[in-house]
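S.K.: Quick one: structure below, then a few questions.
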Amino acid sequence: MSRCGRWRLAAALLAAAALLPWQACPPSSSSSSSSSSNDCPALGIRIAACQGLDVSSEQLGAGEAATAMQLDYFEDSLNIATTGGRGRGGRGGSGRLGASAFTDVDQLQQMQRGIYYLAAAAKSFPSCQHKYGWTQRRSGDTLLQADCNNFVPSKPRDQKGCSTCVSQSVATAMQMAAAVALEADVDSWEVNAASMYYCTDGGRSCSTGYEIQPNLHEVIDKAPELIRPSSCTRKAAPKLADPASEPNVNSWLPVCRAAQQACRNATSRQQPWLKCSYTSLSTFWEIQRWIRNHGAVVTRITIYDDFNVQINKKAKLVPGEDWPAYRFNKTAKPLYGHAAVIVGYDNDNFTWTLLNSWGSGKDASNTRSKGVTADGLFKIQMGVAGVGTPAQTYGVTCAPMPGSKDDRFGLHQFYGYKRRLPVEFINPKNDRVDLGVSCFKYNMQGRDTVAAVVDGLGLTIEDFVLKQQMLQQQIGPKLTDGSPWSYENVTYKLVDNTDIEVLDNMLEVADDVFKARNQAPYQPYIRCWHYDSAGVQKNTTCDSRTGASTCFQYGNGTVGCALHYANIAVPETLTGSKNNTVVVCNITHPYFKDPRDSQPRAMKRLGVIKEDIDYCYQRSLQTLDLSQNALTGSLPLGWPRFSKLIKLDVSDNKLEGQVPLSWSEYKRLTILWLHRNSNLSGCVPLPLEKRDALDSWNKWTIISGTQITGFCPTQRIEIEAQQRKAMDLLATMFYPGPSWNGSLWQLYINQTLEMYPTLSGFYGEGKLEETPTFAFTDPYQGSGGDLQFTVKFESINGAFYITEIFTVTLNVATPDLMKLLPQTPYLRSFMAGGDEGPQEPFPTELAAVAPSSLKIFSLTGMNLCCQLPEEWSSWDTIEELAIRSNPGISGPLPNWVGMKSLKSLDLHYNGITGTLPASYGSATWAKSLQLLCLENNRGLSGTIPGAWSSLATKEINLDGTNVTGCVPDQLVNAVRPLRFARCSRNNTELLALKVLKGVFDREGTALQSWQEDPSDFTPDPTEGAPPGLSPYWCRKWARVTCDQSNQVSGLDFDGLAINGAFMGALEVMQQLPALQ
């Protein structure tokens, strides 16, 4: 069956499942009824919400099918991860992934990520009390374990007779997530479930029910103050702590108000007790990873009428993980939707471990006689009862707010709420003093798994695995098959996959992921086996170079096929092996056993004491020595807040940028050392009275090895006065379109300019944490306003200058623009977006008056007219130029070949006419231009010049133009749209050459190089791919020359005998239109 056919079958199964009749039993105060449940009608179409999950019968059916499909996906991934596809016994894999995962790069990379995690993690993940016993759990050992879940509450919740299972499950997941984040005792973080159920919007009662995502959204996104500790509700709102009394409450409003008052010091909307988030999980391996890292996952589960049979009365006194797993029974009928939390798994036996909210079988007050275990846990077969349904499975993370009593200094937040794993330096002598080092080593110990190390250090598992493989090749002996980090052959049997097009695509995708990205030692291939007429088995092999059709030369006699590729063998753990050390790179929070190694790197991550962390400014600090630390970045604006600082030494680092102008605020500084920071520039802006003290230390010594010129000049007032005068031009230069009230806008601008007579009023001197930016936003057009222009400033050589101007919905008076540019010597970017204003003359002399610092210039929707000026060709400093959406611009494309710095030219939606200039192919920017956008200039016509084949441009957009013809092969991946045929695919020219070979070389000896090579065609256009090659006959065939458009332009048959058909040859040559 083809890929499309299989998906149609899957869709049909889903539809059929959705149409099944489902029973819907009302909730009762007791769950002790037998499994038959004959009181319910045999058929029903009502909402099934008996235990709190508001799921329709259609959703229940579709969820069952989706979960079964996820099991197939998971089986195959696990099979590849553990045996390389050779089979694990038991289930062994479905072989159904080919049509989906292997035909899309993103899907295959996602599957590969899952395979790595399945190989690198513990194959089973029970509760730690089950694996190691209660002694360890109760002794206070609450560290996150890599091989079991140590954060399962010791007492399960009991929803009694009410439909609160979703809120009970969400509360459990939050409780466990908070305990994991702090590595604390889970029982001390009990979250009140009733508060999140009865106190949310909607006025829920005992029998209303809830859905998982709406409940999460309500309490996490809308009302986080409802996430309350049970401890603050017990006295003030006891009904929220007693599920047995819930059915008797007539109104929850006064109860919720009492709880809000009692818990006001523990949680509020502004300062919630726990800051939580949630994520939808779509695959089984993602669910398992979430459990290991965050404790639990909330999922829906369909309760069938045999649930109380499989988990019967005898289970009440037995721990759930010792009781047999609930398994599929084809005669069982669904009763209702329910919710629980997944807290463990067993991949060897394909089971989940769930924690229910039906209490403990040991609890004498529990009225349920069946369906419960001693600890509330139970196991269930994977793929059954909708557990893990993608649309109804959510992971939750929770942690206390930084600054609260539980994370007073934000330490847990700083380390990402992850287990802190101590790394070591690879080369201690050099790495200890180099804060730029990004790779370290970690020695795996005890129960460490590779997955736990990857997630604990915040790494990407694909990059981590490839790094280990590369290092082992460089430093270790030759890897043997099956050893950690070696390449192993994966065999993936393809089921019902004989569609040639699908298999060709599969081979190309496998090439991209395994050969190109994973640097595998050989190319992926497909091997098929067949039986000939004599009954003898024959094998055929094909790869992306030969095409999949090679594998099917025996036609319908093909029995089966398998995809083979090289994958890196990822171990679960390295404990006990000869080399248990891994190299870890790009860690966001490296942690060392020695705090002297951790602290400098923590300071670096904070941005060398960030301005927005106010507590970092120690007012009593007098000496700050950060020399020889390999610090990077710029000098902070806010350091003058160290108001008593006398000595500051940041020498011998890798700092860059200018000394902030705000440093002129230092009051007591007498010693300043900046030397040997080669990228520091500008000047030192200290006041005059401080310069004499610094001179005694020799000012040339303190700035040696930098680009700093010395002390800043004293003409700052004059410079900023000139910049302030330039801002007055903005009042008349920017004006709104006819749909706006221009007079009110003008009034606002003038009032603003009058309010700030000096430049410092605009850049906010003294507001040290703010970016020096000022936005003019029209206050008369509603909140935010659509009329706006923004001016940015920067301290350069001791004074502030205008460096960027950006506008929204404002037209530009081009004569005033010509006046402004000469007055802004450090302007880097000018970007203006207009609004149907009157026609403006084109600023033809703009390139002559623009400052050399101006790199980005854009005029959009300005109603500019007439022809683009040839004079701009001398604008040799501009890098990004955009003149777009000006339909009044007409005439041909200008010969702007002298813009040697140009990287982007955007001229779309104008009225440009004529043909594409061939001179662009030899322009000074031909090798540096990244974008050429001529879209929707409908007057452009002709063909793409052959000279353009020398352009290195990544995108040439000709959409909406009348340019026709073929595209040079070198540009097949650049020209948009992709409708242009490649010049090399002109089959008429190729056929003509073949005929001419027959005329001039009957013996086949004179033109031996004229051999067809179908595999050497330039590939079809692919967005983002590198430039293509010219056709093979232009490169390989002797006596043939081609022009820049890859068309045949010359033939040399000198010395060859003509066999009498010369006149016919002349006719054939007419099929070569570029022949000269």
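Bear in mind that the values in this text are calculations on the coordinates, not laboratory data. In this text the structure is predicted, and so the values were computed from the model without any measurement. Here the Cβ positions follow ideal geometry from the backbone for every residue, glycine too, while neighbour counts run over all protein chains shown.
S.K.: What is region 150-260's relative contact order, in percent, from Cα pairs under 8 angstrom and six or more apart in sequence? It would help to have the intermediate numbers written out before the result.
M.R.: Numbers: 141 pairs, mean separation 32.8, N = 111.
Averaging sequence separation for qualifying contacts and normalising by length gives 30 percent for region 150-260.
S.K.: Which percentage, to the nearest 5, of the DSSP beta bridges contained in region 716-983 is antiparallel?
M.R.: On the way: 16 of 49 bridges.
Within region 716-983, antiparallel bridges account for around 35 percent of the total.
S.K.: In addition: Taking the alpha-carbon centroid of each part, what is the distance from region 189-266 to region 304-360 in angstrom?
M.R.: The distance from the Cα centre of region 189-266 to that of region 304-360 comes to 28 Å.
S.K.: I would also like to ask the following. Only Lys, Arg, Asp and Glu count, each charged at its Cβ (+1, +1, -1, -1), so figure out the dipole size of region 859-931 about its Cα centre, rounded to 20 debye.
M.R.: Approximately 160 debye in magnitude.
S.K.: Using bins 5 angstrom wide from zero, how does P(r) for region 487-568 break down, in % of all Cα pairs?
M.R.: Values per bin, smallest distances first: 3, 17, 26, 24, 16, 9, 4, 1, 0.
S.K.: Let me ask another. Please order THR752, THR449 by the number of other Cβ within 10 Å, starting at the fewest. Spell out each step's value before the answer.
M.R.: On the way: THR752 18, THR449 25.
Result, fewest neighbours first: THR752, THR449.
S.K.: For region 804-857, calculate the relative contact order in percent as a whole number, restricting contacts to Cα pairs under 8 Å that are 6 or more residues apart.
M.R.: Numbers: 72 pairs, mean separation 25.4, N = 54.
47 percent.
S.K.: Sort ARG292, ARG113, ARG596 so the one with the fewest other Cβ atoms within 10 Å of its own Cβ comes first. Display every interim value, and only then the final one.
M.R.: Details: ARG292 24, ARG113 19, ARG596 8.
Listing ARG292, ARG113, ARG596 from fewest to most nearby Cβ atoms yields ARG596, ARG113, ARG292.
S.K.: Shifting gears a bit: Which of PRO825, LEU916, SER853 sits farthest toward the positive end of the charge dipole of region 716-983, with +1 on the Cβ of Lys and Arg and -1 on the Cβ of Asp and Glu?
M.R.: Checked the options; the winner is LEU916.
S.K.: Next up: Taking the beta-carbon count within 10 Å as an exposure proxy, list TRP639, TRP1037 from fewest neighbours to most. Spell out each step's value before the answer.
M.R.: Values: TRP639 23, TRP1037 20.
Result, fewest neighbours first: TRP1037, TRP639.
S.K.: To continue, here is another question. Bin by bin, in steps of 5 Å, what percent of the Cα pairs in region 857-970 do you find, going until the bin that has the longest distance?
M.R.: Result returned by the calculation: 2, 13, 23, 27, 23, 10, 2, 0.
S.K.: A further question follows. What relative contact order, as a whole-number percentage, does region 716-983 give when Cα pairs under 8 Å and 6 or more residues apart are counted? Don't jump to the answer; show the numbers that get you there.
M.R.: Working: 644 pairs, mean separation 27.4, N = 268.
Relative contact order comes out at 10 percent.
S.K.: Kindly provide the Kirkwood hydrodynamic radius of region 784-900 in Å, to one decimal, from all pairs of distinct alpha carbon atoms. Show your work: numbers first, answer last.
M.R.: On the way: mean 1/r = 0.0673 Å⁻¹.
For region 784-900, the Kirkwood estimate is 14.9 Å.
S.K.: Among the listed pairs LYS239/LYS316; LYS123/LYS155; LYS222/LYS405; LYS654/LYS900; LYS314/LYS379, which are separated by more than 22 Å between their Cα atoms? Please list the in-between numbers first.
M.R.: Values: LYS239/LYS316 27 Å; LYS123/LYS155 26 Å; LYS222/LYS405 24 Å; LYS654/LYS900 31 Å; LYS314/LYS379 15 Å.
Exceeds cut-off: LYS239/LYS316; LYS123/LYS155; LYS222/LYS405; LYS654/LYS900.
S.K.: Report the label-to-label distance for ARG596 and SER268 in nanometres (one decimal), using points 7 Å from each Cα along the Cα→Cβ vector.
M.R.: A separation of 4.5 nm, rounded to one decimal place.
S.K.: Here's another thing I want to ask about it. Of all DSSP beta bridges located in region 767-926, what percent are antiparallel, nearest 5? Please list the in-between numbers first.
M.R.: Numbers: 14 of 33 bridges.
Bridges in region 767-926 that DSSP calls antiparallel: roughly 40 percent.
S.K.: What lysines could a cross-link reach from LYS997, if we take a straight Cα to Cα line under 30 Å and drop same-chain neighbours fewer than 8 places away?
M.R.: Output for LYS997: LYS1036.
S.K.: Okay, next question. Can you tell me the mean projection area, over all orientations, of the convex hull of region 301-432's alpha carbons? Units nm², please.
M.R.: 13.5
S.K.: Can I ask one more? Assuming R0 = 35 Å, what is the FRET efficiency of TYR522 and ASN586, from their Cβ-Cβ distance, to the nearest 0.05? Please report the intermediate quantities before stating the final value.
M.R.: Details: r = 29 Å, r/R0 = 0.83.
About 0.75, to the nearest 0.05.
S.K.: What spacing in nm lies between the two simple spin-label points modelled at LYS725 and SER124, each 7 Å away from Cα in the Cβ direction?
M.R.: In this crude label model, LYS725 to SER124 measures out at 8.5 nm.
S.K.: Using only the alpha-carbon atoms of region 716-983 as identical scatterers, what base-10 log of I(q)/I(0) does the Debye formula give at q = 0.11 Å⁻¹?
M.R.: -0.67
S.K.: If you place +1 on the Cβ of every Lys and Arg, -1 on the Cβ of every Asp and Glu, and leave all else neutral, what size is the dipole of region 844-989 about its Cα centre, to the nearest 20 Debye?
M.R.: Values: 11 positive and 12 negative charges, 79 e Å.
For this selection, approximately 380 debye.
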